[in-house]
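Novice: Before I ask anything, let me first share the structure, which is written out below as structure tokens.
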């Protein structure tokens with residue numbers, strides 16, 4: 001446990017909540033969840049499941065209805081065919097599904113390739129499986145993307161898998177179809193397992209690329225597709241995630257889950273099936289609103305001296321370069337890195353953000369724009385005023 005850190009994003013949310021409880025008006029750019037309500041037809045499906053008495057255990061793997069809905073979604077939206085009987089499983093959120101996958105896949109000494117910046121939980125999940133994350137460095141002026149040569153150079157004798165998160169948290173990186181094709185050739189050549197973390201797939205500001213699994217069908221036996229209902233349908237608290245992949249891996253993940261949480265909540269699974277099979281208008285409306293907020297955030301950041309960021313192609317975060325603030329003074333001392341920037345903003349601007357060091361870059365801070373536009377505007381007013389006081 002000494003090798004594992006608490007989640008930085010959850011810590012930021014807790015700090016903001018504690019200040020609010022003390023009467024401080026904190027604007028939180030830290031939360032990785034949509035601020036929209038769950039669609040009404042999804043909530044209604046949960047009510048109906050309750051009324052029908054669907055409050056018992058379900059199969060650990062997930063209900064047959066939900067697994068069939070997931071299989072249909074994968075065909076419809078991703079050109080991927082998986083059997084709901086033995087190639088799809090449901091977990092208590094995408095986080096648990098990834099955790100199960102790493103425990104099932106990895107042995108002590110294995111290495112997992114992860115492009116930086118990366119979601120904060122990957123390295124700790126990998127460590128808990130006894131393996132080691134090997135970070136592939138990227139550059140902001142290259143869109144924070146790895147290319148085929150960088151991937152090839154990173155592969156060693158103990159490399160077991162690559163985690164590819166597109167659109168990504170925290171930088172909103174989206175790999176194009178052509179870029180995925182180039183990566184696929186290396187992955188096939190080296191026979192690597194690929195964990196495709198697709199959780200932000202519907203929050204896009206560029207043309208939707210084809211799925212890696214559709215581009216390279218020969219990867220199918222070594223590809224695990226992970227997704228959840230949380231971001232797409234504003235269902236973070238419902239805790240429903242899923243995976244599709246080779247039957248032996250799915251079986252192992254289900255075995256692990258059977259000895260930990262057992263099934264995801266029965267009522268939440270009924271709601272998830274309704275989300276996947278019902279109207280998708282709320283998904284489109286939410287994505288459109290995020291696009292409007294993205295434009296506001298990029299304009300505000302560009303106007304604040306000391307901040308810079310590339311426009312994200314997906315998700316609802318900006319990964320802001322704060323390196324020019326390092327060495328400047330505030331009431332708490334001298335800013336030495338992203339953690340100090342976040343402490344300064346929380347103290348002097350009452351704005352919460354997440355330090356980039358947890359995502360693999362101490363030169364950056366992550367801001368979520370999953371909050372109403374008026375709060376975004378006020379938050380950046382506070383940030384601009386606070387930065388102007390730095391010496």
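Novice: Provide 205, 175 in ascending order of the number of other Cβ atoms located within 10 Å of each residue's Cβ, fewest first.
Specialist: Ordered from fewest to most neighbouring Cβ atoms within 10 Å, 205, 175 come out as 205, 175.
Novice: What does the highest-first list of 90-97, 215-222, 253-260 look like by mean Cβ count within 10 Å?
Specialist: By packing density, highest mean first, the sequence is 90-97, 253-260, 215-222.
Novice: How far apart, in nm, are two points set 7 Å out from the Cα along the Cα-to-Cβ line at residue 334 and at residue 281?
Specialist: Rounded to a tenth, the inter-label distance reads 5.9 nm.
Novice: Give me the distance between the Cα centres of segment 306-322 and segment 17-56, rounded to whole Å.
Specialist: 26
Novice: Over the chain, what is the percentage of antiparallel beta bridges among all DSSP beta bridges, to the nearest 5?
Specialist: Beta bridges within the chain, antiparallel portion: roughly 50 percent.
Novice: Quick one: grab Rg to one decimal and Dmax as a whole number for segment 1-158, Cα atoms only, in Å.
Specialist: According to the Cα coordinates of segment 1-158, Rg and Dmax are 20.2, 56 Å.
Novice: Calculate how many DSSP beta bridges within segment 57-277 are antiparallel, expressed in % of all such bridges and rounded to the nearest 5.
Specialist: Just about 30 percent of them are antiparallel.
Novice: Let me ask something else. Which order do the peptides 339-350, 47-58 come out in when sorted by mean C-beta neighbours inside 10 angstrom, highest first?
Specialist: So the peptides 339-350, 47-58, ranked by packing, come out 339-350, 47-58.
Novice: Can you sort 208, 68 by how many other beta carbons sit within 10 Å, fewest first?
Specialist: 208, 68
Novice: Return the whole-Å distance between the Cα centroid of segment 201-243 and the Cα centroid of segment 323-391.
Specialist: Distance between centres, Cα-based: 31 Å.
Novice: Expressed as a fraction of 2.2 N^0.38 Å, the rule-of-thumb size for a compact globular protein of N residues, what is the C-alpha radius of gyration of segment 69-148?
Specialist: Output field value: 1.34.
Novice: With the convex hull built on the Cα atoms of segment 57-277, state its orientation-averaged projected area in nm².
Specialist: Reported value for the Cα convex hull: 11.0 nm².
Novice: Rg and Dmax in Å for segment 243-391, alpha carbons only: what are they?
Specialist: Answer for segment 243-391, Rg first and Dmax second: 20.4, 59 Å.
Novice: Find the eigenvalues of the gyration tensor of the Cα atoms of segment 20-66, then list the square roots of 5 times those eigenvalues as equivalent ellipsoid semi-axes, largest first, in whole angstrom.
Specialist: Taking √(5λ) for each Cα gyration eigenvalue gives 34, 14, 13 Å.
Novice: Would you list 196, 83 from fewest to most Cβ contacts within 10 Å?
Specialist: If I rank by nearby Cβ atoms, fewest first, I get 83, 196.
Novice: When ranked by the protection proxy of mean other Cβ atoms within 10 Å per residue, highest first, what sequence do the peptides 110-119, 292-301, 353-362 form?
Specialist: 353-362, 110-119, 292-301
Novice: For the chain, just the Cα set please: Rg and Dmax, both in angstrom.
Specialist: When restricted to the Cα atoms of the chain, Rg and Dmax are 20.9, 64 Å.
Novice: Taking 7 Å along the Cα-to-C-beta vector as the label spot, tell me the residue 377-residue 343 distance in nanometres, rounded to one decimal.
Specialist: Reported label-point gap for residue 377 and residue 343 is 3.4 nm.
Novice: Another one. Per residue of the chain, what 222 nm ellipticity follows from adding -39500 (n - 2.57) for every DSSP H run with n ≥ 4, rounded to the nearest 500?
Specialist: Taken over the chain, the calculation gives -12000 deg cm²/dmol.
Novice: What per residue convex hull volume, in Å³, comes out for segment 119-172 when only alpha-carbon positions are used?
Specialist: Per-residue hull volume (Cα only) is 82 Å³.
Read-outs: derived from the displayed coordinates by stated rules, not from any lab. Just so it is clear, the model here is predicted, and its values are computed rather than measured. Heads up, the Cβs are rebuilt from the backbone with ideal geometry, glycines too, and the neighbour counts pull from every protein chain shown.
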